[in-house]
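**Q** So that we are looking at the same thing, I have put the structure below in structure tokens.
The values are calculated or read from the model by the stated rules, or taken from the named source; none is laboratory data. What you see is a predicted model; the values in this text were computed from it and never measured. Here the Cβ is made from the backbone with ideal geometry for all residues, glycine too, and neighbour counts use every protein chain on show. Note: accessible area is taken over every heavy atom of the protein model, side chains too, but ligands, DNA and RNA are not part of it. Shrake-Rupley method; radii C 1.70, N 1.55, O 1.52, S 1.80 Å.
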Amino acid sequence: MTITTPVLTLPRSIYIEPTSRCNEFCQQCPRTLLSREEDRDLPFDEFRKIVDQFPVLDRVVLHGLGEPLLNKDLPKMVRYLKDRGTYVLFNSNGIALTEKKGGELIDAGLDEYRLSMDGSSRETYAHVRGVDAFEKIWRNVRAFVQLQKARDASKPAISLWFTAMRENLHELPHLVELAAEAGIPEVYMQRLVYFEEGLAASKQSLFRRSSQEELALVRLSEELCKELGIRFNAAGSATPMQSILRDFGERPWSGCTRPYNLTYITSSGNVLSCCFAPFGHRSAREYREERVLGNVFQESIEQIWFGERYEAFRRAFESEHPARHCSQCGLNWSY
């Protein structure tokens, strides 16, 4: 098979972690269950030094393994990127979405706010996310939607992101109803990323192993969304049903283009190939040796992106033996 390699230029789409701190202990998250970097907020001056190295930035995702709202400079980061004409978004658990912070994000021009919500009941949410914050989050989100309306602000677009597992799928229909009541116009059902720790286990995954009852719950949620005027989507270009039924073929990672057009930078400056790189490593040493491709505080992004370590990663990606986190892509998770 002939593989056409794209012409390589510095990426125009990047992930940057504003912080590696979090106020939850999610039972399916590598931050809770695997080795990780030290907790650190990315100072604004360092953030600016990073993004200024990219001539063009079409899209920046300001999240990673931490909760973005914990960095006090987050609205300032958003404004700096918006002044460059960049589309800016992030995922958040909503615990720290105070009225003051919400107003600052609206004023900064944030394009998209994605609420991570993995249950429709206080009990399930606390079980999955490790904190009893369900009611506080919904108060914050409803107030944020009302603040937008009061200001007649068209941005940010608000969506709800649900990680579907056997543990919580039964609550998705009611979660759709809660989203509609709060004025959230879009719900995403995303596949579980699993690495056989905590709830991040293959037995929790719905991908190509869903029962008829589970598929019926997805269909019911889809029908409810239509009735309530809510868009129902999955990550990527797939529908929720396609995302748990599709076949990625013999080389499941090969449809991914991220090695050539996207990079992920942690709050410590480590450069990773994508947002899935923190998942599934066996140790801190494996994370450093296999997954860290450079550090922007030690080299320029240009030196890293075009350097031998990134090139070796891409050569492996094009072979039958990609990096371990790439070989799992399409199976243990979906790009």
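**Q** Which one is most open to solvent (accessible area, probe 1.4 Å) among residues in segment 120-155 that are closer than 24 Å to Val61 by Cβ and part of a loop (DSSP other than H, G, I, E, B)?
**A** Ser154
**Q** Do the conditions hold for Arg114, that is, is it buried (at least 21 other Cβ atoms within 10 Å of the Cβ), of a type in the set (Lys, Arg) and in contact with a Ser or Thr (Cβ under 9 Å, 6 or more places away or on another chain)? Walk me through how you get there before you give the answer.
**A** Numbers: buried (at least 21 other Cβ atoms within 10 Å of the Cβ): no; of a type in the set (Lys, Arg): yes; in contact with a Ser or Thr (Cβ under 9 Å, 6 or more places away or on another chain): yes.
No, not satisfied.
**Q** Need at least 3 residues that are in contact with an Asp or Glu (Cβ under 8 Å, 6 or more places away or on another chain) per element, so show me which strands (runs of 3 or more DSSP E) inside segment 156-261 make the cut, counting only ones lying wholly within it.
**A** Values: elements: 157-164, 186-191, 231-233.
Per the criteria, 157-164, 231-233.
**Q** Within segment 212-245, which residues are of a type in the set (A, V, I, L, M, F, W, C), at pLDDT 95 or above and touching a strand residue (DSSP E or B) at 6+ places or on another chain (Cβ under 8 Å)? Break it down into steps so the answer makes sense when it comes.
**A** Initially, segment 212-245 is screened for residues of a type in the set (A, V, I, L, M, F, W, C), giving 215-218, 220, 224-225, 228, 230, 232, 234-235, 238, 241, 244-245.
Adding the requirement that they be at pLDDT 95 or above leaves 215-218, 220, 224-225, 228, 230, 232.
Result: Val218, Cys225, Ile230, Phe232.
**Q** A further question on this structure: If you scan segment 195-217, which residues turn out to be under 22 Å from Arg324 (Cα atoms) and surrounded by fewer than 15 Cβ atoms within 10 Å (Cβ to Cβ)?
**A** Of everything in segment 195-217, those that are under 22 Å from Arg324 (Cα atoms) and surrounded by fewer than 15 Cβ atoms within 10 Å (Cβ to Cβ) turn out to be Glu196, Ser202, Lys203, Arg208.
**Q** Under 8 Å between Cβ atoms, at least 6 apart or on separate chains: pull out the pairs that start in segment 153-179 with a residue that is farther than 16 Å from Met241 by Cβ and end on any residue that is among the charged types (D, E, K, R) and in a helix (DSSP H, G or I).
**A** Short answer, once both residue conditions are applied: Arg166/Lys203; Arg166/Glu214.
**Q** Listed residues Asp52, Asp73, Asp107; which is open to solvent by 10 Å² or more (accessible area, probe 1.4 Å) and under 15 Å from Tyr15 (Cα atoms)?
**A** Asp52
**Q** Can you tell me which residue in segment 262-283 is surrounded by the fewest Cβ atoms within 10 Å (Cβ to Cβ), limited to those that are in contact (Cβ under 8 Å) with a residue 40 or more places away in the chain and not in a loop (DSSP other than H, G, I, E, B)? First the steps, then the outcome.
**A** Pass one, segment 262-283, residues in contact (Cβ under 8 Å) with a residue 40 or more places away in the chain: 262-270, 273-281, 283.
From what is left, the residues that are not in a loop (DSSP other than H, G, I, E, B) are 262-265, 270.
Numbers: Leu262: 18, Thr263: 24, Tyr264: 23, Ile265: 23, Asn270: 22.
Looking at the filtered set, the residue picked out is Leu262.
**Q** Taking Ser92, is it polar (S, T, N, Q), in contact with a helix residue (DSSP H, G or I) (Cβ under 7 Å, 6 or more places away or on another chain) and either open to solvent by 40 Å² or more (accessible area, probe 1.4 Å) or touching a residue at least 12 places away in the same chain (Cβ under 8 Å) (or both)?
**A** When the stated conditions are applied, Ser92 passes them.
**Q** Right, another one. Touching a helix residue (DSSP H, G or I) at 6+ places or on another chain (Cβ under 9 Å), open to solvent by 40 Å² or more (accessible area, probe 1.4 Å) and of a type outside the set (A, V, I, L, M, F, W, C), is that true of Arg288?
**A** Here the answer is no, as Arg288 does not meet what is asked.
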